[in-house]
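A.B. asks: I'd like to ask you about the structure that follows.
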Amino acid sequence: MLFRYHECMNYTDTLTKHALRVPDILLPKKTVDLTKWAVIACDQYTQDQEYWKRVEALTENSPSTNSLIFPEVYLETGDRKARIQAIHQAMKEYIDPARGDVFDRAMHGFIYLERTTEYGRTRKGIVAAIDLESYDWKPDTTALIRATEATIVDRIPPRMEIRRGAPLELPHIMLLVNDPNKTLVEQTGTQAKKMKPHYDTKLEPKAGHITGWEVSSDKAFSDMATALSNLVKANTAPDGSCFLFAVGDGNHSLATAKAVWEEYRDVNKLSGAEAENHPARYALVEIVNIHDEGLTFEPIHRVLFGADHQDLLAFVQKKLGGTISIPTDDKDLEKKVSSKQASSFGFVSKESRTLLESPHATLAVSRLQPILDEYLEKHPEIKIDYIHGTDEVFRLGNTENTLALLLPPVEKNSFFSSIASTGPLPRKSFSMGEASEKRYYMECRRLFD
């Protein structure tokens, strides 16, 4: 059984109605070195095999989540089948009672965590199980849990091979909740921190620190249920649909979990209580308040190789409207693009710097990317890439035959409303913090026997 039913029916029914379940979480024993156990999400550093080689060296001969994941930097290598077999075998060994040196007895509850990054920011979250039947990544969905960026369907099948039949799951999925009054995550943390932490460790390599507290009392569950009910009321649209959670990170992983569940459910003809209680119907996630000061939204900028500065600028202006001006220098361009007074874009090339001030106030990338896609379709010789950091925009923009586009920050206040009205954003729209701030694996949960 995945979940126990001795809980108070009031909060159990409320949590279930709003897509949450109380999971049985597996955490490493106190004897396990957590600096070696916890590693970063598998979808990070996908162009940096040296990073993952350093992780392998750090975790060698120690219990580690590195043995339980498939770093996506290796997805296109020829040893995928062998890697997946090794991962599943490691999972079986870790939960084997005869071994007994990895996991403590499962904890029935949530985990409240605080993650301090190397940049000095502290993000707060709740690790919980969510119902995959309440999630949909399709653009026209009215589900409780929705994607924030376009889902690339071709990316799902390779990831299904990893999750299909896996004895364990490890979450790097982060869900956002629109809670300006901080009633869910933060209030849960206030109560949880009255007890001693369940784990407390620094994160390697130089990725900050994480502390986690158990959330397992009837009062905590009841308070969370009340907070969820109020959030549902506040986030319900006139048509009666509620947009409760947005997938901030790990959308393709969550889409994979849903696909594996639907496949297993249909093949085995599961229904009723049998389907409701199967572990594969659920996925572990970290829930984070979008209004958390420790959560930053960074724009993902664009760089085009082989594009003509003036031609692309004219094309974008024709589609978007707006006015063009010349900044005094790079700092002036950066300042104006970052201004909240208007949605602006910076065009940076070796020849010139240009500012396009758009008349639209909604999320900028949701309008720009379709225009770039149209332009690239007309000019197949031009290549596009996606980059992080203003410094990188100006560095690449100063190279020959290159045009870099500086995008404005993503506004948190319009995030949920924009997605609710227009659907998921284009691919590579935003990043929740820097790479080293992404979720590290700590908690596990049994998935398939």
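What follows draws every value from the coordinates through simple rules; no lab data is involved. It should be emphasised that the depicted structure is a prediction, and the values quoted were computed from it without experimental measurement. Every residue, glycine among them, receives a Cβ derived from its backbone with ideal geometry; neighbour counts consider all protein chains shown.
A.B. asks: How much length is gained on full extension from THR35 to SER325, taking 0.36 nm per residue of separation minus their Cα-Cα distance? Don't skip to the answer; put the middle values down first.
C.D. replies: Values: separation 290, 0.36 × 290 = 104.40 nm, distance 5.04 nm.
Extra length from THR35 to SER325 when fully extended: 99.4 nm.
A.B. asks: Now, a different point. Show me, for segment 55-62, the HN-Hα J-couplings you get by feeding each phi into the Karplus relation (A = 6.51, B = -1.76, C = 1.60, θ = phi - 60°), rounded to Hz, glycine and proline as x.
C.D. replies: 5, 4, 5, 5, 9, 4, 6, 10
A.B. asks: Using the Cα centre of segment 173-273 as origin and beta-carbon charges of +1 (Lys, Arg) and -1 (Asp, Glu), tell me which of GLY250, ALA227, GLY212 is placed farthest towards the positive end of the dipole.
C.D. replies: GLY212
A.B. asks: Can you run phi through the Karplus equation (6.51, -1.76, 1.60; θ = phi - 60°) for segment 347-358 and list ³J(HN,Hα) in whole Hz, with x for Gly and Pro?
C.D. replies: Per-residue couplings from phi come out as 10, 10, 9, 5, 7, 6, 10, 9, 10, 10, 8, 8 Hz.
A.B. asks: Follow-up question, since we're still on this one. Can you tell me the length gained on complete extension of the stretch ARG99 to ILE371, counting 0.36 nm per residue apart and subtracting the Cα distance? Please report the intermediate quantities before stating the final value.
C.D. replies: On the way: separation 272, 0.36 × 272 = 97.92 nm, distance 5.64 nm.
Length difference between fully extended and current span is 92.3 nm.
A.B. asks: Using a simple spin-label model with points 7 Å from Cα along the Cα→Cβ vector, what separation in nm is obtained for ARG80 and GLU274?
C.D. replies: About 3.2 nm, to one decimal.
A.B. asks: Using each residue's phi in segment 315-331, evaluate 6.51 cos²θ - 1.76 cosθ + 1.60 at θ = phi - 60° and report the 3J(HN,Hα) Karplus result to the nearest Hz, with x for Gly and Pro.
C.D. replies: Along segment 315-331, the couplings run 5, 5, 5, 4, 7, 8, x, x, 10, 10, 9, 10, x, 6, 6, 4, 5 Hz.
A.B. asks: Quick check on the exposure proxy: order LYS383, LYS124 from fewest to most C-beta atoms within 10 angstrom. Write down the numbers at each step before the final one.
C.D. replies: On the way: LYS383 12, LYS124 21.
Ascending number of Cβ neighbours within 10 Å: LYS383, LYS124.
A.B. asks: Something else now. Quick one: ARG21, ARG155, fewest Cβ neighbours within 10 Å first, how do they rank?
C.D. replies: Values: ARG21 18, ARG155 15.
Least crowded to most crowded, the residues run ARG155, ARG21.
A.B. asks: Go through 442-449, 423-430 and give me the packing order, highest mean Cβ count within 10 Å leading. Don't skip to the answer; put the middle values down first.
C.D. replies: Values: 442-449: 19.9, 423-430: 18.4.
For the peptides 442-449, 423-430, the packing ranking is 442-449, 423-430.
A.B. asks: Under a 5 Å amide H to amide H cut-off, with H placed in plane at 1.01 Å, what residues pair with THR402 once short-range neighbours are removed?
C.D. replies: Amide H neighbours of THR402: GLY306, LYS350.
A.B. asks: Here is a further query. Quick check: pseudo-label points 7 Å beyond the Cα along Cα→Cβ at ILE300 and ASN230, how many nm apart are they?
C.D. replies: 3.5
A.B. asks: So what's the gap between the Cα centers of segment 9-60 and segment 331-406, to the nearest angstrom?
C.D. replies: When both Cα centres are located, 35 Å separates them.
A.B. asks: Let me ask something additional. Got a sec? Charge dipole of segment 277-367, +1 on Cβ for Lys and Arg, -1 for Asp and Glu; which of TYR282, THR328, ALA314 is way out at the positive end?
C.D. replies: Towards the positive end, the residue furthest out is ALA314.
A.B. asks: Please give the FRET efficiency for ASP239 paired with ASN61, using the beta carbon to beta carbon distance and R0 = 41 Å, rounded to the nearest 0.05. Before the final figure, lay out the partial values.
C.D. replies: Working: r = 56 Å, r/R0 = 1.37.
Efficiency, from the Cβ-Cβ distance: 0.15.
A.B. asks: Something else: Cα-Cα over 28 Å: which of LYS219/LYS412; LYS92/LYS193; LYS138/LYS318; LYS17/LYS258; LYS29/LYS124; LYS124/LYS428? Walk me through the intermediate numbers first.
C.D. replies: On the way: LYS219/LYS412 31 Å; LYS92/LYS193 33 Å; LYS138/LYS318 30 Å; LYS17/LYS258 18 Å; LYS29/LYS124 23 Å; LYS124/LYS428 24 Å.
From the list (LYS219/LYS412; LYS92/LYS193; LYS138/LYS318; LYS17/LYS258; LYS29/LYS124; LYS124/LYS428), the Cα-Cα distance tops 28 Å for LYS219/LYS412; LYS92/LYS193; LYS138/LYS318.
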